[in-house]
Amino acid sequence: MSHNTFGHLFRVTSWGESHGPAIGGVVDGCPPGLPLTEADIQPFLDRRRPGQSKFVTQRQEPDEVRILSGTFEGVTTGTPISLIIENKDQRSRDYGEIAESFRPGHADLTYHLKYGVRDYRGGGRSSARETAVRVAAGAVARRVLGAGVTIRGALVAMGGDAVDRAGWDWAAVDENPFFCPDRAAAARWEERLLTLRKAGSSVGAVVEVVAEGLPPGLGAPLYGKLDAEIAAALMSINAVKGVEIGDGFASAALTGEENADEMRMAPDGTVDFLANHAGGILGGISTSQPIVARFAVKPTSSILVPRRTVDRSGAERELVTKGRHDPCVGIRAVPVGEAMMACALADALLRHRAQVPDGPMSTRLPRN
């Protein structure tokens, strides 16, 4: 299997399967001299960790990360950073019945058609278990971006029920099991998800990720657009079926006057934007405004409701997927989305510094 690496200068390669002994990754291109220990990575993994509430999979994984290389005395050395997370709570027996059948909505059929062999235990490489590695790599990427950059994610819709942005409070994200910024919406979602979970069903969701504190100039025109690379990073997350930047698809309903982010000069001599319909990116290049991206996560395909399928011999069957699964996989996708945003931005920052080492750090217009 190829294509296990993403990034250009900040490169992340992941390895391992859901029911193997461990998963892990190698982060290459991280600059030397940055403080980094397991304690800097673990809090982000703890946010993604399964089994923390009744609304996510009950698989009990501590997700304890170990750094095997790339640091010395608590700082990065500039050499590849190798990370490993051991799998502790696999139940491969739960997947015995799907060894010969293809689960609807999963990668089972396509993996079999492409490779002729697949690891049916939890989906192998196609399992969302792999995203723990991305979260660990995202913690390293945040070190590259620096303390002045803030990346935050939130669940903004579940099953078509969206948050009220008038009641948005980032503090609420850490107060409920849904990473929801609207306390009223979180209460509604709890009741709905309990009903769906008892019925053995699932529901989709929308996640929003906001990055603030970035300088202008990240990204490149045409084939290196920052929004295109962020979209690719977010689309690579398991179960993601759509990505939008800024107003995204809603911008198609706007007029040119409504959509244009007007500008004025601020008293300090910098350019001040009066709106952010573009989501912090114009022409594929960051503007220094908050970068805003949203992605849609489909309902968890592993459900207890019988679904029609076929097996390897071509026989038609009815299949119930057993095991421990998220009734809304979008919940734990929030820290994964933050991580992929961090990795994409760290890569863009390093590439920007390489091409334009004296580039502007603010929107102050250069004097001719």
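Report those strands (runs of 3 or more DSSP E) wholly inside the range 186-265 carrying at least 2 residues which are surrounded by 19 or more Cβ atoms within 10 Å (Cβ to Cβ).
On the way: elements: 205-212, 240-245, 263-265.
Where strands (runs of 3 or more DSSP E) fall fully within the range 186-265 and carry at least 2 residues being surrounded by 19 or more Cβ atoms within 10 Å (Cβ to Cβ), they are 205-212, 240-245.
Restricting the search to the range 296-321, which residues are under 23 Å from Glu190 (Cα atoms) and in contact with an Asp or Glu (Cβ under 8 Å, 6 or more places away or on another chain)?
Selection gives Thr300 alone.
From the list Leu282, Leu274, Leu319, Leu304, which one is under 30 Å from Val163 (Cα atoms) and more than 28 Å from the chain's Cα centre (by Cα)? First the steps, then the outcome.
Working: Leu282 fails: more than 28 Å from the chain's Cα centre (by Cα); Leu319 fails: under 30 Å from Val163 (Cα atoms); Leu304 fails: more than 28 Å from the chain's Cα centre (by Cα).
Result of the check over Leu282, Leu274, Leu319, Leu304: Leu274.
Considering each of Ile291, Ile281 in turn, give the residue that is in contact with an Asp or Glu (Cβ under 7 Å, 6 or more places away or on another chain), surrounded by 21 or more Cβ atoms within 10 Å (Cβ to Cβ) and touching a residue at least 12 places away in the same chain (Cβ under 8 Å).
Ile281
Can you name the residue in the range 38-59 that is open to solvent by less than 50 Å² (accessible area, probe 1.4 Å) and modelled with pLDDT of 95 or more and, of all such residues, is nearest to Arg192 (Cα to Cα)?
Of the range 38-59, the ones open to solvent by less than 50 Å² (accessible area, probe 1.4 Å) are 40-42, 45, 48, 50-51, 53, 55-57, 59.
From the residues that got through so far, the ones that are modelled with pLDDT of 95 or more too are 40-42, 45.
Details: Asp40: 35, Ile41: 33, Gln42: 31, Leu45: 27 Å.
My answer is Leu45.
Any idea how many residues of the range 300-341 are assigned to a strand (DSSP E or B), open to solvent by less than 50 Å² (accessible area, probe 1.4 Å) and not hydroxyl-bearing (Ser, Thr, Tyr)?
Number of matching residues: 2.
Which condition number in (1) more than 21 Å from Met235 (Cβ to Cβ); (2) at pLDDT below 95; (3) hydrophobic (A, V, I, L, M, F, W, C); (4) buried (at least 20 other Cβ atoms within 10 Å of the Cβ) is the one that Ala99 fails?
Condition (4) is where Ala99 drops out.
Anything in the range 266-278 that is out of contact with any strand residue (DSSP E or B) (no Cβ under 8 Å at 6 or more places or on another chain) and either surrounded by 15 or more Cβ atoms within 10 Å (Cβ to Cβ) or in a strand (DSSP E or B) (or both)? List them, or say none.
His277
Tally time: how many residues in the range 102-133 are in a loop (DSSP other than H, G, I, E, B), among the basic types (Lys, Arg) and out of contact with any strand residue (DSSP E or B) (no Cβ under 9 Å at 6 or more places or on another chain)?
So the count comes out to 2.
Among the listed residues Gly217, Gly242, identify the single one that is in contact (Cβ under 8 Å) with a residue 40 or more places away in the chain and touching a Gly at 6+ places or on another chain (Cβ under 6 Å).
Gly217
Just name the residue that is nearest to Ser251 (Cα to Cα) out of those in the range 269-295 that are in contact with a helix residue (DSSP H, G or I) (Cβ under 6 Å, 6 or more places away or on another chain) and of a type outside the set (Gly, Ala, Ser).
His277
The values are calculated or read from the model by the stated rules, or taken from the named source; none is laboratory data. Note that the structure is predicted; figures quoted are calculated from it, not measured. Neighbour counts are summed over all protein chains in view; Cβ atoms, including those assigned to glycine, are modelled from backbone coordinates with ideal geometry. With ligands, DNA and RNA removed, areas are computed over all heavy atoms of the protein, side chains included. Shrake-Rupley method; radii C 1.70, N 1.55, O 1.52, S 1.80 Å.
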